[in-house]
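**Student:** I have a structure here, written as structure tokens, and I will follow up with some questions on it.
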Amino acid sequence: MKSIIVSLLIVAAIITAISCVDTGLGAQEVQERAPSYRVSANGLYSEYDSNEVAADLKYRGKVVVVSGVVNRIGKGFVGGLYITLGGSGFLDGVQCHFPKGEEASLANLSKGQEVIVKGTVDGQMIFVSVKGCRIQKRIER
């Protein structure tokens, strides 16, 4: 059992490192575009979990505004910045990837805080990946 958990952690770390490499639209271009969809992180993940093919046809490559509760704030192995929104388990939710220069914006976040993020959907590996992100709003409770 311990080796399975370690293996899953290694796979998750590798996928996070790979997904931190931004290959889509630049962050500035993303921010200049109107969003195609506004969706909660849990709703976006649920659509991918239900039918990845249909969700990819609907969202992949589209600019979206995603709202959700911050579950993780981190840096990938190659230095990419990300937060994970929504989800109820270890490997679910939406992982939002930020360009360099957004360190101060992420440093001011806290787990459990609700935010609204704009970016481009890049599909699902384990998490649903959204790239070129910027925080649009922090929601105070």
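The values are calculated or read from the model by the stated rules, or taken from the named source; none is laboratory data. For clarity, every value in this text was computed on a predicted model and none was experimentally measured. Note that each Cβ is placed from the backbone with ideal geometry, even for glycine, and that neighbours are counted across all protein chains shown.
**Student:** If I filter the range 110-121 for residues that are touching a Gly at 6+ places or on another chain (Cβ under 6 Å) and either buried (at least 16 other Cβ atoms within 10 Å of the Cβ) or of a type in the set (Val, Ile, Thr) (or both), do I get at least one hit?
**Tutor:** Yes, the range 110-121 has at least one match.
**Student:** On to the next question. Among the residues of the range 25-42, which ones are in contact (Cβ under 8 Å) with a residue 60 or more places away in the chain and outside any helix (DSSP H, G or I)?
**Tutor:** Hits for the range 25-42 are 25, 26, 35.
**Student:** Within the range 126-138, does at least one residue satisfy the condition of being surrounded by fewer than 17 Cβ atoms within 10 Å (Cβ to Cβ) and free of Cβ contacts under 8 Å to residues at least 24 places away in the same chain?
**Tutor:** Yes; the residues of the range 126-138 include at least one that is surrounded by fewer than 17 Cβ atoms within 10 Å (Cβ to Cβ) and free of Cβ contacts under 8 Å to residues at least 24 places away in the same chain.
**Student:** Find the residue count for the range 82-105, including only residues that are over 10 Å from the mean Cα position of the chain (by Cα) and either farther than 20 Å from residue 30 by Cα or not in a loop (DSSP other than H, G, I, E, B) (or both).
**Tutor:** Residues in the range 82-105 being over 10 Å from the mean Cα position of the chain (by Cα) and either farther than 20 Å from residue 30 by Cα or not in a loop (DSSP other than H, G, I, E, B) (or both): 9 in total.
**Student:** Another question, if that's okay. Which one of the conditions (1) buried (at least 16 other Cβ atoms within 10 Å of the Cβ); (2) over 18 Å from residue 120 (Cβ atoms); (3) modelled with pLDDT of 95 or more does residue 87 fail to meet, given that it meets all the rest?
**Tutor:** (3)
**Student:** Determine which single condition residue 77 fails, assuming it passes every other condition in (1) crowded, with 16+ Cβ neighbours inside 10 Å; (2) aromatic (Phe, Trp, Tyr); (3) modelled with pLDDT under 95.
**Tutor:** (1)
**Student:** Continuing with this model, one more query. Scan the range 43-52 and give yes if some residue there is in a strand (DSSP E or B), modelled with pLDDT of 95 or more and of a type in the set (Gly, Ala, Ser), otherwise no.
**Tutor:** Taking every residue of the range 43-52 in turn, none turns out to be in a strand (DSSP E or B), modelled with pLDDT of 95 or more and of a type in the set (Gly, Ala, Ser).
**Student:** Another question, then. Residue 13: at pLDDT below 90, farther than 23 Å from residue 135 by Cα and within 15 Å of the chain's Cα centre (by Cα), yes or no?
**Tutor:** Here the answer is yes, as residue 13 does meet what is asked.
**Student:** Which of the residues belonging to the range 106-128 are farther than 14 Å from residue 68 by Cα, touching a strand residue (DSSP E or B) at 6+ places or on another chain (Cβ under 7 Å) and of a type in the set (A, V, I, L, M)?
**Tutor:** Answer for the range 106-128, where residues must be farther than 14 Å from residue 68 by Cα, touching a strand residue (DSSP E or B) at 6+ places or on another chain (Cβ under 7 Å) and of a type in the set (A, V, I, L, M): 106, 121.
**Student:** Residue pairs, Cβ under 8 Å, 6 or more apart or interchain, first in the range 56-84 and within 18 Å of residue 137 (Cβ to Cβ), second among the aromatic types (Phe, Trp, Tyr) and surrounded by fewer than 21 Cβ atoms within 10 Å (Cβ to Cβ). List them.
**Tutor:** 64/37; 65/37
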